[in-house]
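Peer 1: Pasting in a structure now, in structure tokens, and then I'll have a few things to ask.
The values are calculated or read from the model by the stated rules, or taken from the named source; none is laboratory data. Since the structure is predicted, the reported quantities are computational estimates derived from the model, not experimental observations. All Cβ positions, even for glycine, are placed from backbone atoms using ideal geometry, and neighbour counts span all protein chains on display.
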């Protein structure tokens, strides 16, 4: 640190009052002026309780001066701070200020803009008040006495205002304060020294880069001013901002050594703009893979169009991370949902396209599509204004023909939908404090492995995470918390959803979701849902419950493992198919539900934990495993854990294959189900044909399609009471509903048999 007292041995500090008042002038401090040793208006007080030795002055003049008669040098590049501590003792309360006499070598007065510092009024007797002022040659912010023509000064203070008061003054200090204005010149360079103007008109880009070139490991200082960056600027040195910069969105400001959000806040002095410019830099400088938000909260006046932060890029596929911060919306109309109604035509043969769309230019990409025959979470992925077409994220199950659709565009804190494709993007340890005004994140229409981890989604207005297309391919949502804005609403009144996904291979792990309409709506296959807790109930007696986890394709290929599924159910549909009737390929299959904890409270007896809802005819089950789960109810029993919603169609029970319900625990369930089911039948009246009903033990009240084993439970006796060792043959699919089994003996028999029956073909 530069300090002339140390480096050059210069003495700035005046003598204390205890050394004698002959060097303290009641005038300008120039040679021959009156001193307090002879003036009679000032005396030395040896032991003041606050100051020790001090000068006591009776104010008798309009401006009562106290000046040190020693010559305090004024040096280029050196800034001095003069400090005085005073207190009023009696009489009228005066004002006090630091003041000085500016002189040139030889003793003549120097012409300076001002010779007095800021004024302070004494308001209380006995209260110690400190006043100070800074003097120096340079006209810098914070310099009170700008003395460009002075060589030295006589410094002290003035008492102004009413006369007659008695004031005590502690020893006046003068110290080298250069450090506040010129950091170690060996460790920093100032952009102004390299031509920067700082008037927000001249382009200072070249000056910044010149300073960076000259820095050679030193810190760049951006001194007071507003610096226009008219070009791309890349700074390799460390940098510190006193002034600020301005730059248009199409230009880049890249800080390589101090790349973090706080530095960009210092640079732009606008937290929203700072985030946009820091994000732009993140995409354009390969030495940093992440943007540290420094734990800062960013208040957004409007949704951040992430693609518009760097208009030159429409796709990005290199890993980048935003971490350690919080976003929240500022109240305003920018967060209002946009609703557009438009007539359009849909053909199942062109499953992901709407044609002849009126008003197509006003429909935003990322809009939710609503209309007759439209499934849940269908979004606009792109549009062609000239062709009047919209591409949508899935097929529509029953919308063939022309109708009026509603397109609802939610507003998101971070909006990635402007990208054509975005891959390998990570958001880590960020809170989206939506305040019921905004949704949180909308993904790009295309991309791979978007990863959200350790984040909080608090009170989203409509959605936590939305995927309008296939930008969710391989998406990972890990250890996040979703807290609804509809905590007090009844289940049937809720509209918000934690997340949706359209593409394959989604991983949703170790999350917690509270009181949404749905936890997740998943269209793609290959999903892994593990270790989550989602609870969607309310306080209503016999309350309505909705699907918590929704699959919208029949062959979902999903694993639901180790979750806590609370007051909602798994709903399995094919509502994303343009032709929902089964004709060929795979029907409902590929789902494993293992080791989960299912709970419901205050529901009616018709509630089920697993609901299959075909949206067309001829579908069947071919691959469902429900193993080692716990099903528990509170405040009332339910009849069964599973059902088929036949609103649009039923299943073909004759084609059921590879279904396992085994090792589950049922508490508060009237009709536990098993497949295979281990049942028994007792015949008290001798008969050669025993008919055993399998209902309600088989899942979905399926047919008794296969008998795997038969064993006598005790002796089998004929009509004469004789024991007959005979195993009957069995007729499966028996009865009009095909849910019974007939056992046929060669004579009338009575007794008990145990048998194993399946509602599916296990091969």
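Peer 1: Restrict the check to segment 364-380 and report whether at least one residue is on the phi > 0 side of the Ramachandran plot, touching a residue at least 12 places away in the same chain (Cβ under 8 Å), in contact with a strand residue (DSSP E or B) (Cβ under 6 Å, 6 or more places away or on another chain) and crowded, with 22+ Cβ neighbours inside 10 Å.
Peer 2: yes
Peer 1: Could you list, in sequence order, the residues of segment 414-439 that are out of contact with any helix residue (DSSP H, G or I) (no Cβ under 7 Å at 6 or more places or on another chain) and more than 16 Å from residue 468 (Cβ to Cβ)?
Peer 2: Answer for segment 414-439, where residues must be out of contact with any helix residue (DSSP H, G or I) (no Cβ under 7 Å at 6 or more places or on another chain) and more than 16 Å from residue 468 (Cβ to Cβ): 424, 426, 427, 428, 429, 430, 431, 432, 433, 434, 435, 436.
Peer 1: Let me spell it out: the conditions are (1) closer than 20 Å to residue 30 by Cα; (2) touching a strand residue (DSSP E or B) at 6+ places or on another chain (Cβ under 6 Å), and residue 132 meets all of them except one. Which number is the exception?
Peer 2: With (1) closer than 20 Å to residue 30 by Cα; (2) touching a strand residue (DSSP E or B) at 6+ places or on another chain (Cβ under 6 Å) applied to residue 132, the lone miss is (1).
Peer 1: Moving on. Please enumerate the residues belonging to segment 521-545 that are within 17 Å of residue 490 (Cβ to Cβ), in a loop (DSSP other than H, G, I, E, B) and under 27 Å from the mean Cα position of the chain (by Cα). Please lay out each step first, then the result.
Peer 2: Taking segment 521-545 and keeping what is within 17 Å of residue 490 (Cβ to Cβ), we get 535-545.
With in a loop (DSSP other than H, G, I, E, B) added as a condition, the list becomes 536-542, 544-545.
If the condition is that a residue be within 17 Å of residue 490 (Cβ to Cβ), in a loop (DSSP other than H, G, I, E, B) and under 27 Å from the mean Cα position of the chain (by Cα), then 536, 537, 538 are the ones that fit.
Peer 1: Quick one: which strands (runs of 3 or more DSSP E) sit completely within segment 280-332 and have at least 3 residues that are within 17 Å of the chain's Cα centre (by Cα), touching a residue at least 40 places away in the same chain (Cβ under 8 Å) and surrounded by 14 or more Cβ atoms within 10 Å (Cβ to Cβ)?
Peer 2: Details: elements: 290-292, 297-300, 320-329.
Here the list reads 320-329.
Peer 1: I would also like to ask the following. Does residue 542 qualify as being surrounded by fewer than 18 Cβ atoms within 10 Å (Cβ to Cβ) and closer than 16 Å to residue 611 by Cα?
Peer 2: Values: surrounded by fewer than 18 Cβ atoms within 10 Å (Cβ to Cβ): yes; closer than 16 Å to residue 611 by Cα: no.
It is false that residue 542 is surrounded by fewer than 18 Cβ atoms within 10 Å (Cβ to Cβ) and closer than 16 Å to residue 611 by Cα.
Peer 1: Can you confirm whether residue 61 is in a loop (DSSP other than H, G, I, E, B), in contact (Cβ under 8 Å) with a residue 24 or more places away in the chain, over 25 Å from residue 10 (Cα atoms) and in the same structural domain as residue 123 (by TED's automatic domain parsing)?
Peer 2: On the way: in a loop (DSSP other than H, G, I, E, B): yes; in contact (Cβ under 8 Å) with a residue 24 or more places away in the chain: yes; over 25 Å from residue 10 (Cα atoms): yes; in the same structural domain as residue 123 (by TED's automatic domain parsing): yes.
Criteria met by residue 61.
Peer 1: Among what's in segment 486-503 and is outside any strand (DSSP E or B) and buried (at least 19 other Cβ atoms within 10 Å of the Cβ), pick the residue that is nearest to the chain's Cα centre (by Cα). Even if it seems obvious, please write down each step before you answer.
Peer 2: So the first thing to find is which residues in segment 486-503 are outside any strand (DSSP E or B), and the list is 486-496, 502-503.
Then drop every residue that is not buried (at least 19 other Cβ atoms within 10 Å of the Cβ), which leaves 486, 491, 494, 496, 502-503.
On the way: 486: 19, 491: 26, 494: 22, 496: 17, 502: 22, 503: 23 Å.
The residue in question is 496.
Peer 1: Could you check segment 177-236 for strands (runs of 3 or more DSSP E) lying wholly inside it with 1 or more residues that are under 34 Å from the mean Cα position of the chain (by Cα)? Outline the logic, then answer.
Peer 2: Working: elements: 188-190, 199-203, 219-222, 226-228, 233-235.
Result: 199-203, 219-222, 226-228, 233-235.
Peer 1: So which of 716, 679 is in contact (Cβ under 8 Å) with a residue 24 or more places away in the chain and more than 30 Å from residue 598 (Cα to Cα)?
Peer 2: On the way: 679 fails: more than 30 Å from residue 598 (Cα to Cα).
Matching residue, one of 716, 679: 716.
Peer 1: Next question. Starting from segment 175-200, keep only residues that are under 30 Å from residue 15 (Cβ atoms), then list their pairs with residues that are modelled with pLDDT under 80 and not in a loop (DSSP other than H, G, I, E, B) whose Cβ atoms are within a distance under 7 Å, requiring at least 6 positions of separation or different chains.
Peer 2: Pairs that qualify, where the first residue is under 30 Å from residue 15 (Cβ atoms) and the partner is modelled with pLDDT under 80 and not in a loop (DSSP other than H, G, I, E, B), are 176/4; 176/5.
Peer 1: A further question follows. Taking segment 447-463 only, how many residues are crowded, with 20+ Cβ neighbours inside 10 Å and either assigned by TED's automatic domain parsing to the domain that holds residue 297 or within 24 Å of residue 391 (Cβ to Cβ) (or both)?
Peer 2: Result for segment 447-463: 4.
Peer 1: Also, I was wondering about something else. Yes or no: segment 713-734 includes at least one residue that is in a loop (DSSP other than H, G, I, E, B), surrounded by fewer than 16 Cβ atoms within 10 Å (Cβ to Cβ) and within 58 Å of the chain's Cα centre (by Cα).
Peer 2: Checked segment 713-734: no residue is in a loop (DSSP other than H, G, I, E, B), surrounded by fewer than 16 Cβ atoms within 10 Å (Cβ to Cβ) and within 58 Å of the chain's Cα centre (by Cα).
Peer 1: Being part of a loop (DSSP other than H, G, I, E, B) and buried (at least 18 other Cβ atoms within 10 Å of the Cβ) is the filter; apply it to segment 579-601 and report the residue that is nearest to the chain's Cα centre (by Cα).
Peer 2: Within segment 579-601, the subset part of a loop (DSSP other than H, G, I, E, B) is 579-587, 595-596.
From what is left, the residues that are buried (at least 18 other Cβ atoms within 10 Å of the Cβ) are 580, 582, 587, 596.
On the way: 580: 37, 582: 42, 587: 38, 596: 29 Å.
Only one residue tops the list, namely 596.
Peer 1: Kindly indicate whether any position in segment 466-477 is in a strand (DSSP E or B), within 22 Å of residue 567 (Cβ to Cβ), within 18 Å of the chain's Cα centre (by Cα) and not assigned by TED's automatic domain parsing to the domain that holds residue 534. Spell out how you get there, then give the answer.
Peer 2: Step one: list which residues in segment 466-477 are in a strand (DSSP E or B), which gives 466, 470-473, 476-477.
Those left that are additionally within 22 Å of residue 567 (Cβ to Cβ): 477.
Checking which are within 18 Å of the chain's Cα centre (by Cα) leaves us with 477.
Subset that is not assigned by TED's automatic domain parsing to the domain that holds residue 534: 477.
Checking segment 466-477: at least one residue is in a strand (DSSP E or B), within 22 Å of residue 567 (Cβ to Cβ), within 18 Å of the chain's Cα centre (by Cα) and not assigned by TED's automatic domain parsing to the domain that holds residue 534.
Peer 1: Looking at the structure I just gave you, is residue 77 part of a loop (DSSP other than H, G, I, E, B), in contact with a strand residue (DSSP E or B) (Cβ under 7 Å, 6 or more places away or on another chain), in the same structural domain as residue 19 (by TED's automatic domain parsing) and farther than 21 Å from residue 18 by Cα? Break it down stepwise before answering.
Peer 2: Details: part of a loop (DSSP other than H, G, I, E, B): yes; in contact with a strand residue (DSSP E or B) (Cβ under 7 Å, 6 or more places away or on another chain): no; in the same structural domain as residue 19 (by TED's automatic domain parsing): yes; farther than 21 Å from residue 18 by Cα: yes.
So residue 77 fails the test.
Peer 1: Out of 92, 16, which single residue is in contact (Cβ under 8 Å) with a residue 40 or more places away in the chain, within 28 Å of residue 151 (Cα to Cα) and under 60 Å from the mean Cα position of the chain (by Cα)?
Peer 2: 16
Peer 1: Could I ask something else about it? Residue by residue through segment 622-658, note down the ones that are assigned to a loop (DSSP other than H, G, I, E, B) and crowded, with 19+ Cβ neighbours inside 10 Å. Working first, answer last.
Peer 2: Residues of segment 622-658 that are assigned to a loop (DSSP other than H, G, I, E, B), as a first pass: 628-629, 635-637, 639-641, 645-650, 652, 656.
Once the filter is applied, which keeps residues that are assigned to a loop (DSSP other than H, G, I, E, B) and crowded, with 19+ Cβ neighbours inside 10 Å, segment 622-658 yields 629, 640, 641, 649, 656.
Peer 1: For segment 244-271, which residues satisfy the criterion of being at negative phi, assigned to a loop (DSSP other than H, G, I, E, B) and surrounded by fewer than 21 Cβ atoms within 10 Å (Cβ to Cβ)?
Peer 2: From segment 244-271, those at negative phi are 244-268, 270-271; that's our starting set.
Among the residues that remain, those that are also assigned to a loop (DSSP other than H, G, I, E, B) are: 247-252, 256-260, 270.
Answer for segment 244-271, where residues must be at negative phi, assigned to a loop (DSSP other than H, G, I, E, B) and surrounded by fewer than 21 Cβ atoms within 10 Å (Cβ to Cβ): 248, 249, 250, 251, 252, 256, 257, 258, 259, 260, 270.
Peer 1: Let me ask another. I'm trying to understand the selection: among the residues of segment 659-670, which are surrounded by fewer than 16 Cβ atoms within 10 Å (Cβ to Cβ) and under 30 Å from residue 582 (Cα atoms)?
Peer 2: Residues of segment 659-670 surrounded by fewer than 16 Cβ atoms within 10 Å (Cβ to Cβ): 662-663, 665, 667-668, 670.
The one that is surrounded by fewer than 16 Cβ atoms within 10 Å (Cβ to Cβ) and under 30 Å from residue 582 (Cα atoms): 662.
Peer 1: Something else: Test of understanding: among 21, 80, 55, 75, which residue is touching a helix residue (DSSP H, G or I) at 6+ places or on another chain (Cβ under 6 Å), surrounded by 16 or more Cβ atoms within 10 Å (Cβ to Cβ) and on the phi < 0 side of the Ramachandran plot? Lay out the reasoning, then the answer.
Peer 2: Working: 21 fails: touching a helix residue (DSSP H, G or I) at 6+ places or on another chain (Cβ under 6 Å); 80 fails: touching a helix residue (DSSP H, G or I) at 6+ places or on another chain (Cβ under 6 Å); 75 fails: touching a helix residue (DSSP H, G or I) at 6+ places or on another chain (Cβ under 6 Å).
Criteria check complete, one pass: 55.
Peer 1: Any residue at all in segment 173-184 that's under 30 Å from residue 288 (Cβ atoms) and either touching a strand residue (DSSP E or B) at 6+ places or on another chain (Cβ under 6 Å) or surrounded by fewer than 16 Cβ atoms within 10 Å (Cβ to Cβ) (or both)?
Peer 2: The initial filter retains those residues of segment 173-184 that are under 30 Å from residue 288 (Cβ atoms), namely 183-184.
With either touching a strand residue (DSSP E or B) at 6+ places or on another chain (Cβ under 6 Å) or surrounded by fewer than 16 Cβ atoms within 10 Å (Cβ to Cβ) (or both) added as a condition, the list becomes 184.
Yes, the conditions are met somewhere in segment 173-184.
Peer 1: Now a separate question. Of all residues being at pLDDT below 95 and out of contact with any helix residue (DSSP H, G or I) (no Cβ under 9 Å at 6 or more places or on another chain) in segment 125-139, which is surrounded by the most Cβ atoms within 10 Å (Cβ to Cβ)? Just the residue, please.
Peer 2: In the first step, residues of segment 125-139 are kept if they are at pLDDT below 95; the result is 136-139.
Within this subset, residues satisfying the condition of being out of contact with any helix residue (DSSP H, G or I) (no Cβ under 9 Å at 6 or more places or on another chain) are 137-139.
Working: 137: 17, 138: 14, 139: 9.
So the residue we want is 137.
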